[in-house]
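Below is one structure, written out as structure tokens; the observations come after it.
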Amino acid sequence: MLNYRHLHYFRTVAKAGAINKAAEKLHLTPQTLSGQISILEDRLGVALFRRSGRRLELTDAGHTALTYADEIFAVGAELEEALLNRPGARVYPFRVGIADVVPKTIAYQLLAPALTLTEPVKLICKEDRLEQLAAELAIHRLDMVLADRPLPSSMDIKGYSHPLGECGIAFLATRALAGELAANFPACLHGAPLLIPGEDSALRAPLLRWLERRGIQPTIVGEFNDSALMSAFGQAGAGVFPVPLTTAQEAMRQHEVVEVGQTLEVRERFFAISVERRLSHPAVLAVSEAAQRRYQPQDPG
């Protein structure tokens, strides 16, 4: 059986980056600590560290071990809190993975209903690429993943994609840049500097197809997987940038930009990915039900 004291020693060394620093925190001699780490490595059959100058760096196995160690000690802290507090005061963790292409404001809009449940919920969010989040969902380290697309069929992971809703997009720009656009929307985008989502975004392909169908050729000056970074460039005047219609008003206030135009022909779609075919987790249900009310079907006209 794994010795959790050894795991604690390993985690402390990994965070400190050096045996001496970790030994001071643990009130051990460096020799004793080094010996304990060696025992753990022998038990696991892998090297967890490699030396780089005066520092210790994690090996690939070490990175994996640290990820699990963090999770183990987090669960231990939750157990301690649950036993020390009254049963009625227990806070249930709700672990959500958020695909990095999902706009932050959308993520907040979708997840906020989970915080209003009768049973208190502690929201734990992790942002990463969909592929990595889906892998963590498969081993039950996440309760749900928010994404802008269904779980790809090419991924060998059992999961179910539950549509949360969709909305059109608005194109925003600084007031100065918007004033330079001569024609009416969307013709004004022809030749205009445009910021677009990166290759990981499900919005990218339909947006480019929509522009092509209308014979519009903007000057694409930047591609961004992070919508917040794209908005920051847009706020600085680098180009026109798209945002979901449901967040357009807030984006205009926050970034001090104006709307150039909007369309329902290009849709942002959002999904809750879970290991359940039928949703049963109370927080996931709250997210799904609130999303269905917020994102009503829209007619492109």
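Values quoted throughout were computed directly from the atomic coordinates according to the rules given, and no laboratory measurement underlies them. All figures in this text were calculated on a predicted structure; none of them were measured in a lab. All Cβ positions, glycine included, derive from the backbone under ideal geometry; neighbour counts span all protein chains shown.
Angle between the Cα long axis of helix 204-213 and the longest principal axis of the chain, 0 to 90 degrees, nearest 10? Result, in degrees: 10. A Förster radius of 22 Å, combined with the Cβ-Cβ distance separating residue 223 from residue 190, puts the computed FRET efficiency at roughly 0.70.
Just round it to a whole percent: the fraction of Cα-Cα distances in the chain exceeding 24 Å. Of all Cα-Cα distances in the chain, 63 percent exceed 24 Å.
Partners of residue 15 within straight-line reach, counting lysines whose Cα lies under 22 Å from its Cα and excluding those fewer than 8 residues away in the same chain: 25, 126. Its Cα centre serving as origin, the chain has a Cβ charge dipole (Lys and Arg +1, Asp and Glu -1) of approximately 560 debye. In plain terms, the chain is cut at each of the trypsin sites (Lys or Arg not before Pro) found in a DSSP loop with at most 12 other Cβ atoms within 10 Å, and the longest leftover piece is 159-276.
Here residue 2 and residue 27 are evaluated by their C-beta separation; at R0 = 22 Å the FRET efficiency comes out at 0.45.
Select from 184, 207, 172 the residue farthest towards the positive end of the dipole of the range 146-229; place +1 on Cβ of Lys and Arg, -1 on Cβ of Asp and Glu, and compute about the Cα centre. Of 184, 207, 172, it is 184. Couplings for the range 161-175, taken from phi via the Karplus curve 6.51 cos²θ - 1.76 cosθ + 1.60 with θ = phi - 60°, read 9, 10, x, 9, x, 8, 7, x, 10, 10, 9, 10, 7, 4, 4 Hz in order; Gly and Pro are left as x.
With the helix formula -39500 (n - 2.57) applied to DSSP H stretches of n ≥ 4, the chain reaches a computed 222 nm mean residue ellipticity of -12500 deg cm²/dmol. Taking label positions 7 Å along the Cα-Cβ direction at both residue 117 and residue 153, the computed distance is 3.3 nm, reported to one decimal. Dipole size of the range 4-82 about its Cα centre, with +1 on Lys/Arg Cβ and -1 on Asp/Glu Cβ: approximately 520 debye, rounded to the nearest 20. What do you get for the angle between helix 60-84 and the principal long axis of the chain? Use alpha-carbon atoms, 0 to 90 degrees, nearest ten. Approximately 80 degrees, to the nearest 10. For the chain, the longest principal axis of the C-alpha atoms and the axis of helix 30-44 are separated by about 70°. Where both partners of a DSSP beta bridge lie in the range 167-267, what percent of those bridges are antiparallel, to the nearest 5? Taking every DSSP beta bridge within the range 167-267, about 60 percent pair in antiparallel fashion. Calculation over all alpha carbon pairs of the range 89-211 in 5 angstrom steps from 0 returns a P(r) of 2, 9, 16, 18, 16, 13, 9, 8, 6, 3, 1, 0 percent. Restricting to the chain, compute how many DSSP beta bridges are antiparallel as a %, nearest 5. Restricted to the chain, the bridges split so that about 60 percent are antiparallel. May I ask you to derive the FRET efficiency for residue 253 and residue 233 from their Cβ-Cβ distance with R0 = 22 Å, giving the value to the nearest 0.05? Efficiency at R0 = 22 Å is approximately 0.75. By the rule of a C-alpha distance below 14 Å, with chain neighbours fewer than 8 residues away ignored, the aspartates and glutamates paired with residue 122 are 78, 81, 143.
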